[in-house]
Amino acid sequence: MRIDQLRLHRVVLPLVHSFQTSSHRKSTLEHILVEVVDESGVTGWGEIASPTDPYYSAETTDTAMLMATKYLAAAVQEPTWEHPDALERSWAKIRGNAFAKAGFSIAAWDLYAKTNGIPLAAALGGERSQVTAGVSLGIEPTIDALLTEVQTQVGAGYPRIKLKVAPGWDLEPVRAVRDAYPHLDLHVDANGAYPDDENTTAIMRALDTAGLTMIEQPFAPRAFASHARLQRQLQTPLCLDESVETLDDLRTMLLTGAGRVLNIKVSRMGGLGTARAAHELARAEGVPVWCGGMHEFGVGRAANVALSSLPGFTLPSDVSGSDKYYAHDVIVPPVIARHGRVEVPTSPGLGHDIDEDVLSAHTVELVELSAVRA
Ligand code: OSB
Ligand code: MG
């Protein structure tokens, strides 16, 4: 296979409900959709789901666009390849920039699966026909507003709720939700917002009594030693997200005991190949994994659903329905969750078509970089 045409669509979609994490608040999201066309005219789609600003990782939408046009465009169009793993290897020499790489990886995997007439999930080795979805709830202005959100999502059938926490928004909201829902599968995510000090240890010890399934990323991305020390003091498993960008990071987590659960994100790990490899390594070590999200539009969301069908994804993934985020998603049909479960598509590739009207209505920039061949 060889990719002849490449288009990068910078797309802005309004969120149905604005979302606040420990670092920022968002009411629209801007992602880059990657469209590749091979020599026989088959199209693959991917999504660069980087946040606009460098608060989750060092990348931004603008750095991803720069890396895409300056380096990844050539890396994806030069080689002839039989499997997307070969393409991912061809750009491995580009350091970092996982979100940008992931957009190209998803497009290549979609193209590969379509060319072979199989669903993306099957191309990855997925086994499930349905995946269990959880929802991630942002920091709300008040505890009552949070309880209303929890009620809405529990009422919609989602079996697992994750709450964003941050210094000043932790014990009180968690206790309020736990008191209202004594048996709910509940976990918290701090996005690395806590300093490693005695006060934090006291807060984490208190959270340890709230019956949480896990505490996700209390400390900064590189803080393996801090996570390992805290984990030794808690019953509740720590889950790493931002810390694990590569397989070597996962090996460090396993060796140091910095976490007992792994959140695998296609974006953070630079593509579906590395995400799948991380799943295999974690599975061999008996570490449960789940698929995290970055508020993806439908393209990235569909890739997350396909990945979540792999056998080691034993915990609910952040693959809630498109409607939780976007009034009009860029794909048809949208991703639909019923009673907290999403069907894994059975048609070739991602299993969804691009809604050209929604795409063109929300595209703010289109870059075409087609190969010039001798
Ligand atoms: O840490 O999982 C995170 C969104 C933006 C940045 C970081 C995170 C998130 C989410 C989104 O929690 C979950 C989803 O896409 O449903
Ligand atoms: Mg997280």
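A few remarks follow.
- Some residue of the stretch 286-296 being under 22 Å from C239 (Cα atoms), within 11 Å of the chain's Cα centre (by Cα) and not in a loop (DSSP other than H, G, I, E, B): yes
- Residues located in the stretch 250-297, provided they are in contact with a Ser or Thr (Cβ under 6 Å, 6 or more places away or on another chain), within 16 Å of ligand 1 (Cβ to nearest atom) and not aliphatic (A, V, I, L, M): W290, C291
- Scanning the stretch 297-356 for residues that are farther than 27 Å from I215 by Cα, small (G, A, S) and outside any loop (DSSP other than H, G, I, E, B) gives G298, G349.
- In the condition set (1) in contact with a strand residue (DSSP E or B) (Cβ under 9 Å, 6 or more places away or on another chain); (2) touching a residue at least 60 places away in the same chain (Cβ under 8 Å); (3) within 16 Å of ligand 2 (Cβ to nearest atom), E140 is compliant with all but (3).
- Some residue of the stretch 23-31 being open to solvent by less than 10 Å² (accessible area, probe 1.4 Å) and in contact with a Gly (Cβ under 9 Å, 6 or more places away or on another chain): yes
- Criterion (more than 14 Å from ligand 2 (Cβ to nearest atom) and of a type in the set (D, E, K, R)) met by exactly one of R268, R301: R301
- Only one of the numbered conditions (1) away from ligand 1 (no atom under 16 Å from the Cβ); (2) in contact with an Asp or Glu (Cβ under 8 Å, 6 or more places away or on another chain); (3) not assigned by TED's automatic domain parsing to the domain that holds V299 is violated by I143, and that is (3).
- For the stretch 221-236, a residue qualifies if it is touching a helix residue (DSSP H, G or I) at 6+ places or on another chain (Cβ under 8 Å) and either assigned to a loop (DSSP other than H, G, I, E, B) or among the charged types (D, E, K, R) (or both), and the qualifying residues are L234, T236.
- Hits in the stretch 36-65 (condition: more than 16 Å from ligand 1 (Cβ to nearest atom), surrounded by 14 or more Cβ atoms within 10 Å (Cβ to Cβ) and not hydroxyl-bearing (S, T, Y)): V36, V37, D38, V42, G44, W45, G46, D62, M65
- Residues in the stretch 189-226 that are among the polar types (S, T, N, Q) and open to solvent by less than 60 Å² (accessible area, probe 1.4 Å): N191, T200, T201, T213, Q217, S226.
- Of the candidates R301, R251, the single residue that is surrounded by fewer than 24 Cβ atoms within 10 Å (Cβ to Cβ) and not aliphatic (A, V, I, L, M) is R251.
- Matching residues, the stretch 32-90, being modelled with pLDDT of 95 or more and among the basic types (K, R): K70
- The set of residues from the stretch 227-248 being open to solvent by 50 Å² or more (accessible area, probe 1.4 Å) and either closer than 19 Å to P167 by Cα or within 16 Å of ligand 2 (Cβ to nearest atom) (or both) comprises just one member, E245.
- Hey, V76 in contact with a helix residue (DSSP H, G or I) (Cβ under 6 Å, 6 or more places away or on another chain), open to solvent by less than 50 Å² (accessible area, probe 1.4 Å), part of a helix (DSSP H, G or I) and assigned by TED's automatic domain parsing to the domain that holds H339 or not: no
- Reported count of residues in the stretch 189-217, each being over 16 Å from G292 (Cα atoms) and either assigned to a helix (DSSP H, G or I) or within 16 Å of ligand 1 (Cβ to nearest atom) (or both), is 13.
- Conditions (1) exposed (fewer than 15 other Cβ atoms within 10 Å of the Cβ); (2) over 30 Å from A166 (Cα atoms); number of the one not met by E88: (1)
The values are calculated or read from the model by the stated rules, or taken from the named source; none is laboratory data. Just so we're clear, the structure is a prediction, and the values are computed from it rather than from any experiment. Neighbour counts are summed over all protein chains in view; Cβ atoms, including those assigned to glycine, are modelled from backbone coordinates with ideal geometry. Calculation scope for accessible area: heavy atoms of the full protein, side chains included, ligands and nucleic acids excluded. Shrake-Rupley method; radii C 1.70, N 1.55, O 1.52, S 1.80 Å.
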